[in-house]
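The values are calculated or read from the model by the stated rules, or taken from the named source; none is laboratory data. All values reported here derive from a predicted model rather than from experimental measurement. Heads up, the Cβs are rebuilt from the backbone with ideal geometry, glycines too, and the neighbour counts pull from every protein chain shown.
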Amino acid sequence: MANRDIEAAVEAEVPAPQAPQNAYLLQSRRAEQGPPIVLAELPQMESGLRNRNPTAPPSTVVAGEGTPEAGEAATDPSDNGIQPPNIPRFASLVRTGSKGLQTLITTGSWSTQSPDELKRQNEARGFDNLKYDRVDDFEKGYPQLAAFVDSNDTFANYRRFGRLSTRLLLHMQNDLNDLEKKLDALDKEYAQDERMKYMLRGFEISGGRDDKYKKLCADIQKKYIEYADVLLKDASIRALGKAPHRNHMANFAWMQNKKALYEEKRDFLNHPDDFVSISGHSGRRIEDFIQSWLDNRGPNFFIKRFLKTAEERRKTDNEYVDHYSKQRLAFLAILLQVVVVAALFLTPVFILFLVPTNRAVMAVTASVFVLAFTVVVSFMTEAKVQEVFFGTSAYAAVIIMFLGNINQSGPVQAA
C-alpha cells in the first residue's frame, strides 16, 4: 500500500513532456498572431552601422515560420563581424587602374581625362597662364637654333676648338721658353759683376742698373698669366668629356632638315670629334644605351610614349625629335639594372639546381656566370677595379656556397 502511494506521488511530480519552442510557435502563434508579417514592409533603420548596403534589393522573409531557411535569411551577416565584399567598387578600381595603365603606355600619362577636360581644369586653376618655350614658335635662324639646343641636355654640345687652343698654348709656351733663356743669361751676366751679384742675393741696387732685370721679370709674369689662363681653361673644357656620337648626330640631322643657318654658317658641325657636352654623361651608360636603342624605333613605339611626358611633348611638333623625361628614363634604367642583376643571380641557380649535370659542367657554368657578372658590373656601374674585384668575390662566394649545398643534398653525376 505504501509503495503504491509513493509511486503515485512521484508520477504526480514529473512534468508532462512538452513540444519544442519552435513547434509551439508554429502551432500556437499562428492562431494567436493572425496572418504573417512581411519584414520588408517594416520601416528601415537609418543607422550607418547596420544599413551597409542600402542599394541591395530587400529580401522578403515571413516571420513566424520556424524553419531553418527563414532563420538564416533573417540573419544579418554584419552581426557576426563578416562584411560582404564590395564587388562593384572593386571592379571599378580594377577598371580605373587598367585604363590608367593603358593610358600611361599609349600617351605617357596616368591621366584618364580627355584633352577638353584637362583644358577646362587648367583654366580653372590658372595654369593656362604659364608659358612654355616651343622650338617651332621661334623665328627660323639663330632664334630657333638656340631654342632647339636649349630644349634638351642631349643637344647641349659645343665645339672645343682644341686645335686652336693647342696652337695658342704652343706659341705662348715658346715665348715663355725664350724669356726663360733670357733670364738665365742675365743671371749669369750679373753673377760675373762684382756689384750686381749682390742683387741676385736680394740686395737693392741703386742707380737703375736693375731696370733690365725688372722689365724682364714683368714680361715673364704677364706672359705666364696668359699661358696659365689658356691652359687651365683648355683643361676644364677637356674635362667636360667628348660629346656622344648620337648627341652630335642629333644636332647635325636637325640642322640639315631645318636649314636654320645657311651652309657656310653651319659647317662647324662637320667636326664631330671636336665637340664636348656640357650636360655631363658620367654614370649614364644605361640611359645612353636605352636612348641609342630607341633611336631605331618608330615615333609611336610604346616605350618612347612612356618616356615622353606632356611637358616634353609640348616642346616641339616634330615627331622625329625625341625629348625624354629624365625621371622616367632614370626609372627605366634602374628597372633594367634590377632585371639584369636578378637574372645573373637566379639563372645559374636554376640551371645548377634543376638540370642534372656533372662536376665539370657545374664548374664551367659557375665560371661563365662569374665572368658575365664582372663584365656587366664594369659596364653598368663604371666602378673602379677594386670595387669590381670585391663585387665579383661576393658573387663567386654565393655561387660556391650554392654548389656546396647541392653536393650535400644529393649525389652528383660523375664526369
- Message: I need a count of the residues in segment 238-254 that are surrounded by 17 or more Cβ atoms within 10 Å (Cβ to Cβ) and not in a loop (DSSP other than H, G, I, E, B).
- Response: 6
- Task: Considering each residue of segment 129-147, count those that are closer than 22 Å to HIS323 by Cα, modelled with pLDDT under 80 and either outside any loop (DSSP other than H, G, I, E, B) or hydrophobic (A, V, I, L, M, F, W, C) (or both), and give that number.
- Result: 1
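Residue-by-condition table, conditions (1) modelled with pLDDT under 90; (2) more than 30 Å from ARG313 (Cα to Cα); (3) part of a helix (DSSP H, G or I):
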position	(1), (2), (3)
VAL149	no, no, yes
LEU164	no, yes, yes
ASN174	no, yes, yes
GLU204	yes, yes, no
GLY207	yes, yes, no
- Message: I need the full set of residues from segment 280-319 which are of a type in the set (S, T, N, Q), part of a helix (DSSP H, G or I) and closer than 28 Å to ASP137 by Cβ, in order please.
- Response: GLN291
- Note on the structure: Flagged in segment 281-300 as surrounded by 12 or more Cβ atoms within 10 Å (Cβ to Cβ) and within 19 Å of the chain's Cα centre (by Cα), in numbering order, are HIS281, ARG284, ARG285, ILE286, GLU287, ASP288, PHE289, ILE290, GLN291, SER292, LEU294
- Task: Confirm whether ASN257 is in a loop (DSSP other than H, G, I, E, B) and either under 19 Å from ALA147 (Cβ atoms) or not basic (Lys, Arg) (or both).
- Result: no
- Query: In this structure, does LEU346 turn out to be over 30 Å from MET255 (Cβ atoms), outside the structural domain of ASP295 (by TED's automatic domain parsing) and at pLDDT 80 or above?
  - Reply: yes
- Note on the structure: When (1) within 29 Å of ASN152 (Cα to Cα); (2) of a type in the set (S, T, N, Q); (3) part of a helix (DSSP H, G or I); (4) over 20 Å from the mean Cα position of the chain (by Cα) are applied to GLN337, the one that fails is (4)
- Query: Of the conditions (1) among the hydrophobic types (A, V, I, L, M, F, W, C); (2) surrounded by 14 or more Cβ atoms within 10 Å (Cβ to Cβ); (3) outside the structural domain of ASP317 (by TED's automatic domain parsing), ALA235 fails just one. Which one is it?
  - Reply: (2)
- Item | Whichever residue in segment 312-334 is within 18 Å of the chain's Cα centre (by Cα) and farther than 16 Å from THR154 by Cα and, among such residues, is surrounded by the fewest Cβ atoms within 10 Å (Cβ to Cβ) | ILE334
- Query: When you go through ALA414, ALA394 one by one, which is the residue that is among the small types (Gly, Ala, Ser) and either in contact with a Ser or Thr (Cβ under 9 Å, 6 or more places away or on another chain) or modelled with pLDDT under 80 (or both)?
  - Reply: ALA414
